[in-house]
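First the structure, in the form of structure tokens, and then the observations on it.
The values are calculated or read from the model by the stated rules, or taken from the named source; none is laboratory data. Bear in mind that the values here come from a model prediction, so they are computed numbers and not experimental data. Cβ placement follows ideal geometry from the backbone for every residue including glycine, while neighbour counts extend to all protein chains displayed. To get the accessible areas, we keep the full protein, side chains included, count just its heavy atoms, and leave off ligands, DNA and RNA. Shrake-Rupley method; radii C 1.70, N 1.55, O 1.52, S 1.80 Å.
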Amino acid sequence: MPILTLPTTPFTDQKPGTSGLRKKVSVFSQKNYLENFVQALFDVLPDATGLTLVVGGDGRFYNRVAVQTILRMAAAKGYARVLVGQGGILSTPAVSAVIRATGASGGIVLSASHNPGGPDGDFGIKYNIANGGPAPEKVTDAVFARSREVRELRTSDAADISLDVLGSSSIEGMEVLVIDPVVQYADLMRKLFDFDAIRALFASGFRLRFDAMHAVGGPYAKAILEGELGAPAGTVVNAVPLEDFGGLHPDPNPVNAEDLIAHLFADNAPDMGAASDGDADRNMVVGRRFVVSPSDSLAVLAAHAKLVPGYRAGLAGVARSMPTSTAVDRVAASLGIPCFETPTGWKFFGNLLDADRVTLCGEESYGTGSSHVREKDGLWAVLFWINLLAVTGKSVEALVRELWTTHGRCVYSRHDYEAIPTDKADTLMAGLRGQLATLPGTTVAGCAIAFADDFSYTDPVDGSVSSKQGIRIGLKDGSRVVFRLSGTGTEGATLRVYLERHEPDATRHDLDAQLALQPLVHLAETVAQIRTLTGMDQPSVMT
Ligand code: G16
């Protein structure tokens, strides 16, 4: 079986977004499209002699084809060994855990995360480095540049490897080890959480509904919650990963996980609801008749971290993405630990975690994680919550209300305007940028503006600068509106408008968030002219 060098023509559209290259399956399945990107990656990476690569994906349509392609190209690149999840499956946090546990030089994650799957859906690929986290911008920029120049593909003509049987085989002298996707991840969870306390909680009758959304979180949640922690069979629903996620949108928010929300608001609701997304790195936590915002979730975990074995020594610091609410900042201040504000994108937490500057981090987009891996981790967040419920004896709602009583409530919402023509979205953002100098000190739509800027971040560890990371308009009362364009969509542009207002008055904590944020909605409309420019009267999604 020789290694082949095949001619190819470069593609010009392989620029990775917030989290890797994401495109429609129809784009990825063009001849040489995936191959070109993988070749560009391998051309940028150093010599692979003696190195191990991890490969796995969320099981969506095209996953198996892509895994086989990557295995053949990895053999041509000269890797000594590839670890691949059984069936080609590994959740994103599990890829990170396996890289770290095995000393692999990196890993390839095949996922379009929370985006829909199936033949008409999305596919994606990203590279994670030796710390287990997404490659930093200097690597993704180099891969993009190389993708525009690739003229030769190096691959093997070996036949497909069986991905369903655990064990070892080889391609061109490269070992391919098919591993159980759950084992290493479960080992890590056992080290972090008090499994005995969680077992006792389930034994006492505690009821959880975990909706895996027909995605890759299912096998992990089943093995750990039902298999090991004694949750009754049926606790994990939609647990079998499907190539098209059952035709649903595997994005755990109250809009897409409406079935879970309905169960938690029904009579005889379980004590807690949870969901994870396509690649199991996002999470949503719901109490009985009580939806927890991701920003509040991060703040609650930070406030009580010392109650959990893995974080008994306390937190070095915390970090949140810029649009995430400031709830965790308030907790950090009371704990006397630093809180970092980074651009959107998990990769920005990597240096802070590696340098032990932070232990927990999270984002408004339903991502929460810690130093245990270098990805956000859906099931980890759910186990953290259950561990807290087990040792405090409190409900989900009680823990969030306690946060509000102590620190005030950060009333928060995100409004998404999806599939806007890209030129319109660019015009809208340019219009906002044009007003930055004149807005401060003025009153617009009844809102007194204190500052307006385009967020720029200087990494405190390596000094790298990331600019144009989102428009922030801050009001004199501490409220703020943030505008940015999504980096994960595959159809036109998505405008995200993030709205936050702090409410210290405990008698007003039950205010409806959308009502309470109306003045900020008017401000956003006035400065950005969203209706006029997009032709949309309403956001497509409000979370
Ligand atoms: C990815 C990143 C997240 C980030 C999100 C933002 O999430 O990993 O860190 O918060 O994108 O998405 P957008 O740019 O659309 O606002 P995921 O879960 O898609 O990998």
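Tabulated values for the structure
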read-out	value
Ratio of the Cα radius of gyration of the stretch 185-407 to 2.2 N^0.38 Å, where N counts its residues	0.94
Over 30 Å between alpha carbons, listed pairs 15/77; 126/306; 24/138; 24/468; 15/476; 23/468	126/306; 15/476
29 Å tail of the calculated P(r), the stretch 116-267, as % of Cα pairs	40 percent
Cα centroid separation, the stretch 506-536 to the stretch 49-68 (Å)	43 Å
Rounded accessible area per residue of the stretch 409-542, 1.4 Å, Å²	45 Å²
Given charges at beta-carbon only (K, R positive; D, E negative), |dipole| of the stretch 340-405 in Debye	100 debye
Protein accessible area in the chain, 1.4 Å probe - carbon and sulfur %	52 percent
Options 103, 174, 365, ranked by Cα towards positive dipole end of the chain, top entry (Cβ charges)	103
Positive-end extreme of charge dipole, the stretch 185-407 - chosen from 249, 387, 220 (charges on Cβ)	387
C-alpha center-to-center spacing [the stretch 394-460, the stretch 89-162] in angstrom	32 Å
Per residue, in Å², the accessible surface of the stretch 276-327 once ligands and nucleic acids are set aside, probe 1.4 Å	23 Å²
Residue among 339, 283, 233 farthest towards the positive dipole end of the chain, charges placed on Cβ	339
The stretch 63-166 - accessible surface per residue (Å², probe 1.4 Å)	32 Å²
Pairs of Cα atoms farther than 23 Å apart, the stretch 385-489, %	52 percent
Debye log10 I(q)/I(0) at q = 0.05, 0.09, 0.10 Å⁻¹ for the chain, Cα point scatterers	-0.19, -0.64, -0.80
Debye, to nearest 20: dipole size of the chain, +1 on Lys, Arg Cβ, -1 on Asp, Glu Cβ	680 debye
